[in-house]
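None of the figures in this text is laboratory data; all of them are computed from the coordinates on show. Quantities reported herein were computed from a predicted structural model and do not represent experimental measurements. A quick note on method: Cβ atoms are made from the backbone with ideal geometry, for glycine too, and the neighbour counts reach across all protein chains shown.
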Amino acid sequence: MRRFPVPLASMRGCGRRRCKMPVAWLRWAACFGLLSSVMCSYSEDQCSWRGSGLSQEPSSVEQISLRCAEGSLEWLYPSGALRLSLSPHLPLGTVATENSPGRITACIKAATYFQGAQIYLERDGLLELMLSETDSSLRPRVHCFSWQGWEKVALFLQSTLHQDISRRIAAFRYELRGDWTSRLSLPLNKLSVEGACRPCNDTEILMAVCTSDFVVHGSIQTVSNDAEMQESVIGISATKIHRQKFTLFQPVDGSVKLAGSIRTLLRCGVKPGPGSFIFMGWVHFGEAWLGCAPRYKDFQLIYERAQQAHENPCEVALD
């Protein structure tokens, strides 16, 4: 693996403001053909990467490229810097162009033991701090950013100065989603727009029941609010599991009753109360996030009406 040196010292102390990339150095290297010999690092499964800074020069930048919807990066004993390019495997025949943009949203969640580096978002020749070493010592938060398919963005991991790097590991998981699929967008899009808390309309409900990671008929038992994370955790008692991508709902104390939890934004103001609902949503970093949750009797009417008009996207076995 060959790496090229870059003056990282010029980036020290950028803080939370945007920093100029060493563009002049890159142009100089390109003029002399140095960049043509740089090899990018690809993982065997193209989803995850694990490497060590012990074999890396302190002034070098290693290029990494991952092509997957989700994966992880683990950088042992950080030294120098990493430049990570993320891109999903698009469905066959899908091409992102300026005339037909494909918007991509990426999210990262640092490991609880993240140390030894800071993460910047590189866009248009500027670096913007996403995660500092100080931030990583707090409860892990999800950091997201979006770009159009033809844009060039990357994550830039810069090692921080420490006399002892033996116990430092910079690790995080990532997820990518885009609008090239027919499914409703990941909670990210729903969580990040003004209408995040509005009820789903009939079309969204019919699509969600076919495409969500979980579809559960049940009732709300408890609601606990986390002011620090700005999340509400909804305790669900499940009557029927129509679909679950992972084992989110499990038997309670050996009984036949199933229970689990679903997250949503605190500002949505979810309250416990009576009623039967159908909960639909997505698994995000191992946690269930709410997409749509109509009352079950309303869902039955919507589904039966669509079925009679032959407009239902998929078949669902109603209770």
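For residue 240, a cut-off of 12 angstrom between C-alpha atoms picks up these aspartates and glutamates, skipping any fewer than 8 places away in its own chain: 319. Working ranking of peptides 64-75, 167-178 by packing, defined as the average number of other Cβ atoms within 10 Å per residue, highest first, is 167-178, 64-75. Kirkwood analysis of the Cα pair distances in segment 205-305 returns a hydrodynamic radius of 13.8 Å. Treating r as the C-beta distance of residue 55 and residue 163 and R0 as 22 Å, the FRET efficiency rounds to 0.65. FRET efficiency for the pair residue 148 and residue 285, taken as 1/(1 + (r/R0)^6) with r the Cβ-Cβ distance and R0 = 30 Å, rounds to 0.80.
The H on the amide N of residue 79, modeled in the peptide plane, is under 5 Å from the matching H of 53, each at least 5 residues off or on a different chain.
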